[in-house]
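Below is one structure, written out as structure tokens; the observations come after it.
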Amino acid sequence: MNSKNQYHMQDPRSQYDLSKTFYDRSQPDPGLDERLKPTADHGEKSYQGASRLEGRKAVITGGDSGIGRAVAIAFAREGADVVLNYLSSEQTDGKDTEQYLKESGVNVYSIVGDISNEKFCLVLIDFAVNKLGSIDILVNNAGQQYYVENLAELSSEQFQKTYATNVFSMFWITKAAAPHMPKGSSIINTTSIQSYQPSAGLLDYASSKSAITGFTKSLAKMLINDGIRVNAVAPGPIWTPLQQSGGQPPEKLEDFGQGVPMGRPGQPAELAPMYVFLASQESSYITAEVMGVTGGGHLP
Ligand code: NAD
Ligand code: MG
């Protein structure tokens, strides 16, 4: 057993030796896990399932790479069938993720498409219901983040696309999915520490994440009437292609994540257990919450 994995007691600051080893500052858009250097840990070699989600049906947007891939691997090893969605430009990552999931013996289906388009969101949920029969877990995780130097550089087009991808899609997808979600289902939205501590260069992104936080709490109060729980996860700085492909200026990547008390960025694998917990019945009394996974950056 790898002593660096999540089951071995150790100093969390040195669990991943990333802080001094960045050697690729950026990659072209779209960012791919395939090109991420150093490679990220999605739990491919380590995550151990314990039947927490046996027989559940899950939909994960942005399931090709980064946090979404780690969540997908964990869900499959916990026994869930999974529908993955991602952009067509990220199919190489998507195929790799699909392969990891299939090794768990569960059913896996992928549908590529752009969730900033309302019609596609309906197609996605139709596809998922056709393949899975119902939706027990919905993970609204896909998102876009593009850093700008100043206000003048932030185009109206970018602002609208960020909101359509990060926020409006959650409304379209959730509204279409809810009628297919039985009591006991769980919705998990990926927000961000940026929701609470917005950076200057991320005006559109950070404010879209604040919208997701509010959306999650309000939706939770609506959907508990149908026996559905809704929560969000707020990651801190996590080592994924999102950051390398325009999410941060290249010079900032050099010390990415070192400003949090943990002194390093998080790995996607360190997020997955939180999503599994929120998806499973173990979190039965938790709804309308935002759970931080921030390396000590903490939520307010
Ligand atoms: P990632 O790039 O690996 O994942 C984001 C995925 O979203 C991409 O793989 C892409 O296929 C998908 N996507 C983007 N636009 C889309 C669109 N219009 N239609 C369909 N799919 C689309 O990066 P990640 O860091 O794992 O991001 C996952 C989530 O985590 C995002 O919501 C992001 O905002 C959030 N987040 C990331 C960090 C971090 O530091 N990496 C911190 C806080 C929150
Ligand atoms: Mg990707």
Once the piece of chain linking Ser210 and Tyr285 is laid out straight, how much longer is it, given 0.36 nm per residue of separation minus the C-alpha distance between them?
24.6 nm
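Quote the charge dipole size of segment 49-293 about the Cα centre in Debye, to the nearest 20; the model charges only the Cβ of Lys and Arg (+1) and of Asp and Glu (-1).
Working: 18 positive and 24 negative charges, 151 e Å.
Here the size comes out at about 720 debye.
Specify whether the C-alpha gyration tensor of segment 138-287 places it in the rounded, prolate or oblate class, a ≥ b ≥ c being the square roots of the eigenvalues: rounded for a/c under 1.5, otherwise prolate if a/b is larger than b/c and oblate if not.
oblate
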Going toward the positive end of the dipole of segment 1-117, with +1 on Lys and Arg Cβ and -1 on Asp and Glu Cβ, which of Gln27, Leu53, Leu84 do you reach last?
Leu53
Counting just the Cα atoms, what span does segment 54-180 cover along each of its three principal axes? Round to the nearest Å and put the largest first.
50, 30, 19
Equivalent-ellipsoid semi-axes (√(5λ), Cα gyration tensor) for the chain, whole Å, largest first?
27, 23, 19
What are the DSSP H helices in the chain that stretch 15 Å or more along their long axis, judged by alpha-carbon atoms, and whose average Kyte-Doolittle hydropathy comes to at least -0.5?
66-77, 118-132, 203-223
Farthest toward the dipole's positive end in segment 49-293, which of Leu138, Leu271, Pro250, given Cβ charges of +1 (Lys, Arg) and -1 (Asp, Glu) about the Cα centre?
Leu138
Divide by every residue of the chain the summed helix terms, -39500 (n - 2.57) for each DSSP H run of at least 4, and state the resulting mean residue ellipticity at 222 nm, rounded to the nearest 500 deg cm²/dmol.
-9000 deg cm²/dmol
Which lysines have a Cα less than 27 Å from the Cα of Lys161, not counting those fewer than 8 places away in the same chain?
Lys95, Lys119, Lys175, Lys209, Lys217, Lys252
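Would you please classify the overall shape of segment 1-120 from the alpha carbon gyration tensor, given that a ≥ b ≥ c denote the square roots of the eigenvalues, rounded means a/c under 1.5, and beyond that prolate means a/b larger than b/c while oblate covers the rest?
Working: a/c = 2.45, a/b = 1.15, b/c = 2.13.
Because a/c hits 1.5 or more and a/b fails to exceed b/c, segment 1-120 counts as oblate.
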Exposed-site-free run, longest, the chain (rule: GluC sites (Glu not before Pro); DSSP loop; at most 14 other C-beta within 10 Å)
150-253
Please list Met291, Met222, Met170 in order of solvent-accessible area, largest first, computed with a 1.4 Å probe with all protein chains present.
Met222, Met291, Met170
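Using the Cα gyration tensor of segment 203-250, with a ≥ b ≥ c the square roots of its eigenvalues, what is the shape: rounded (a/c below 1.5), prolate (a/b larger than b/c) or oblate (neither)?
The shape class here is prolate.
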Accessible area of the chain with a 1.4 Å probe: how many percent of it is carbon plus sulfur?
53 percent
With every protein chain left in place, what is the accessible area of Ile111 in Å² (1.4 Å probe, nearest 10)?
20 Å²
Filtered hits (lysines, Cα-Cα < 16 Å from Lys131, offset >= 8 within chain) -> Lys57, Lys102
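Solvent-accessible area per residue for the chain at a 1.4 Å probe radius, Å²?
In whole numbers, the chain has 43 Å² accessible per residue.
The values are calculated or read from the model by the stated rules, or taken from the named source; none is laboratory data. Because the structure is predicted, anything quoted here is derived from the model rather than measured. Glycine gets a Cβ as well: all are built from the backbone with ideal geometry, and neighbour counts include every protein chain shown. SASA here: full protein model, heavy atoms, side chains in, ligands and nucleic acids out. Shrake-Rupley method; radii C 1.70, N 1.55, O 1.52, S 1.80 Å.
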